[in-house]
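Chemist: My questions all concern the structure below.
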Amino acid sequence: MNDLSMDIVLQAKAVSKRFGEGALQVRVLEQVNLALKRGESLAIVGASGSGKSTLLHILGGLDHASEGEVSLMGQSLASLSPTEMGSLRNKYLGFVYQFHHLLPELNAWENVAMPLWIRRETASVSQRLAQQLLTQLGLAHRLTHRPSELSGGERQRVAIARALVTQPACLLADEPTGNLDRHTAKEVFELMLAMTKSVQTSFVVVTHDPELAQMCDAVLSLENGFLSARTVST
């Protein structure tokens, strides 16, 4: 019999998060549970300040839960040292944010190659993989352009390529199209979904946009610290 748990890439069990102490304590997340399978896309929606970004940071090991457990590829994050956590993130996770966070002194392919350099990949292989991925994202004509020479949509495509160049097990995205116009946002979001599906990378996105959220395999709503039951999109 196959062990279904082997298909789980990212999992949260009874995760709660509190800020402050004593009477001033604020509970942001309450007993959050989710399990993401390989290649699955999940959107987390909710009002501003509902804790969506906090949850994403906890899932990515950038913040700690007050209670509960998060595991990535079967490894509990709570048991890891900061060095081990950094290594696990670099191996299995990719991140995309509302702002692209590209290095202004590097050109497009160099920005994308950065995670490969951190992994001590050779210069030639890093350049080849970065340029191939940018070409797939429609930026073959922008490989040597610096961020200041790119449009907002192009910068975000470079950021997506940087997050996916290592073929991570899971991509975490926090309002990745929030700074883009409607048409560009939809185009970039569709590219993200297509790219993650092509390499079977799991995808978790936090968004205010219900239309974009419905393009994912499932949608969870975060309200008053609680996640709603999963609803499969049609």
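The values are calculated or read from the model by the stated rules, or taken from the named source; none is laboratory data. In this text the structure is predicted, and so the values were computed from the model without any measurement. Ideal geometry is used to build each Cβ from the backbone, glycine not excepted, and the neighbour counts take in all protein chains shown.
For every residue, the table says whether it meets (1) under 16 Å from the mean Cα position of the chain (by Cα); (2) modelled with pLDDT of 90 or more.
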position: LYS13; (1), (2): no, yes
position: GLY20; (1), (2): no, no
position: ASN90; (1), (2): yes, no
position: GLU105; (1), (2): no, yes
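Chemist: What is the residue count in segment 118-134 for residues that are assigned to a helix (DSSP H, G or I), farther than 18 Å from LEU93 by Cβ and not small (Gly, Ala, Ser)?
Modeler: So the count comes out to 6.
Chemist: Of all the strands (runs of 3 or more DSSP E) wholly in segment 1-94, which have at least 3 residues that are of a type in the set (Lys, Arg)?
Modeler: 8-19
Yes/no per residue for (1) farther than 11 Å from SER41 by Cα; (2) assigned to a helix (DSSP H, G or I):
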{"site": "GLU154", "(1), (2)": "yes, yes"}
{"site": "ARG157", "(1), (2)": "yes, yes"}
{"site": "GLN167", "(1), (2)": "yes, no"}
{"site": "LEU171", "(1), (2)": "no, no"}
{"site": "ASN179", "(1), (2)": "yes, no"}
{"site": "MET195", "(1), (2)": "yes, yes"}
{"site": "PHE203", "(1), (2)": "no, no"}
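Chemist: Condition (residue is surrounded by 15 or more Cβ atoms within 10 Å (Cβ to Cβ), in a loop (DSSP other than H, G, I, E, B), under 12 Å from the mean Cα position of the chain (by Cα) and at pLDDT 90 or above) applied to segment 216-229: is it met by at least one residue?
Modeler: no
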